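A short write-up of the structure that comes next.
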Amino acid sequence: VRLTLDEGGIIREVAAAASPEGATRLAGAVVPGMPNLHSHSFQRAMAGLAERAGPGEDSFWTWRELMYGLVAVLAPEDVAAIAAQLFLEMLRAGYTAVAEFHYLHHDRDGTPYAAPTELSDRVIDAARRVGIAITHLPVLYARGGFGDAPPGPRQSRFLNDGERFLRLVAELRARWREAPDVAIGIAPHSLRAVTPELLDEVLRGLGADAPEAPIHIHIAEQQKEVEDCLAWSGARPVAWLLDHAPVDRRWCLVHATHMDADETRRLAGAAAVAGLCPTTEANLGDGIFPAERFLNAGGIIGIGSDSHVAVDPAEELRLLEYGQRLTRQRRNLLADGPGRSTGARLYGAALAGGAAALGQPAGAIAPGCRADLVVLDTEAPSLAGKAGDALLDAWIFAGARAVRTVLVGGRAVIRDGHHAEGEAIAAAFRRTMRRLLPRLSA
Ligand SMILES: [Zn+2]
């Protein structure tokens, strides 16, 4: 198969059984690179640190305490060093684009930086340095809980009112309008963190200028969040959002974990993406997304690595299927029919949903899509003798360390597992961690 690209790395032609003359050969099985639809890059620095039992009942809410401790110490250069290492790990694992749900806006005491885009710039620059495409989603965060609860002091780095938030978004959009590998959207943090009035204000403010911008929100991650939302509004979170916001294909509902049958059907019909982060949801004890029911209703899914306890699309997809198997005591629940490959169904679904959630021309080897490609090593023992969908099943379900070469926009960013700046980026990350960790436990 011969791919012809334009100067911007967009695929113009796909020709099967074409002459190889003059072409660059990609040695292995080539699949589209996976968009990662949910990342908080700074949280990579605390992966593995929250695995000791807390006092009393340990839960998401005790994990959040550690996260706030990290937020309290991060300087701009730390944010940059952590993001660069993380984005490099993403490329090596087969992610070629990332949606960064970015809520660190201000300095450690909550004072705005001289440049309001200071920390956004650090994250976007890290992505461009490493070579991963990015959809940057500045987070709107204003309240400390349902019912207009005031924010706490440890949330001060996240806070903006509608006007200041829209200025931040407009500035980032103007700066990156021409870049083929950067998109700008927005992320109202959750129904806990914005009021209905503020959500309205920001959606209206965005509307005229950016009618296609991606909109991501955390929605129903925890049972307590559902109960608090019911107490506040009488409705469950997904139902509330569908009733009060213009949810359509621009939207990604991250952690739509807790939905009843009616919400599942309605969200599938809205053509919004359900953003699933199976390893983080397992790590935090969130619950299990009703994937079989949602996919059967025509729902759109994508995957994200969120808190980055794992950085591997194959691991997310495997755990997504295994969660269904363990609760239903059956196998291959997410394949789309007898004899069909579960790996191919999940990989294809996550490509399409991920590209939609990021608002980027990605997720397929087809004219008009960016040439974001992953070359699987068909010499890896676990892939030997396999072809077609069996390669995806082996990558996802047989623990094959199969990613060899990765291209973003037609440019090889990982060659045989290596990145040109890999050593320098890892060294900076190690220095950052050695400086930060003693301050976290202090
Ligand atoms: Zn998140």
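The values are calculated or read from the model by the stated rules, or taken from the named source; none is laboratory data. Predicted, not measured: the structure shown is a model, and the values here were computed from it. Please note: Cβ atoms are built from the backbone with ideal geometry, for glycine as well, and neighbour counts cover all protein chains shown. Quick note on the areas: whole protein, heavy atoms, side chains included, nothing else; ligands and nucleic acids left out. Shrake-Rupley method; radii C 1.70, N 1.55, O 1.52, S 1.80 Å.
A few remarks follow.
- Solvent-accessible surface ranking, highest first, for 229, 369 at 1.4 angstrom: 369, 229
- Split the accessible area of region 119-224 by element, probe 1.4 Å, and carbon with sulfur accounts for 50%.
- Percent of Cα-Cα distances greater than 17 Å, calculated over region 152-193: 44
- Looking at region 1-132, the DSSP beta bridges with both ends there are about 50 percent antiparallel.
- If R0 equals 51 Å, the separation of the Cβ atoms of residue 109 and residue 4 corresponds to a calculated FRET efficiency of about 0.45.
- Intensity falloff of region 283-379 expressed as log10 I(q)/I(0), Debye formula with alpha-carbon point scatterers, at q = 0.20, 0.23 Å⁻¹: -1.16, -1.40
- Counting only the Cα atoms, the chain fills a convex hull of 150 Å³ per residue.
- Expressed per residue, the C-alpha convex hull volume of region 1-115 stands at 173 Å³.
- By accessible area with a 1.4 Å probe, ligands and nucleic acids excluded, highest first: order of 236, 108: 108, 236
- Taken along the Cα-to-beta-carbon direction at a fixed 7 Å, the label points for residue 154 and residue 118 span 2.2 nm.
- Computed with a 1.4 Å probe over protein heavy atoms only, the accessible area of residue 111 comes to about 70 Å².
- Simple spin-label estimate for residue 27 and residue 204 in nanometres, 7 Å along Cα-Cβ: 6.1
- Rolled with a 1.4 Å probe across the full set of protein chains, the surface gives residue 266 an accessible area near 80 Å².
- Rounded tilt (10° steps) of 118-130 against the dominant C-alpha axis of the chain: 10
- Distance between modelled label sites at residue 161 and residue 62, nm, 7 Å Cα→Cβ extension: 3.9
- DSSP-loop trypsin sites (Lys or Arg not before Pro) across region 143-224, with at most 16 other Cβ within 10 angstrom: 177
- All-pairs Cα distance distribution in region 167-262, expressed in whole percent, bin size 5 Å: 2, 12, 24, 23, 16, 11, 8, 4, 1, 0
- Largest accessible area first, the residues 107, 336 order themselves as 336, 107 under a 1.4 Å probe with ligands, DNA and RNA left out.
- Degrees between helix 76-93 axis and first principal axis of the chain (Cα, 0 to 90, nearest 10): 30
- Using alpha carbons only: equivalent-ellipsoid semi-axes of region 230-348, gyration tensor based, whole Å: 24, 17, 14
- Using alpha-carbon coordinates, inclination of helix 196-207 to the longest axis of the chain, degrees: 50
- Separation of region 22-63 from region 389-442 is 11 Å, based on Cα centroids.
- Residues residue 431 and residue 326, FRET efficiency given R0 of 41 Å [Cβ-Cβ distance, rounded to 0.05]: 0.50
- Region 1-115, accessible surface, carbon-and-sulfur percent (1.4 angstrom probe): 51
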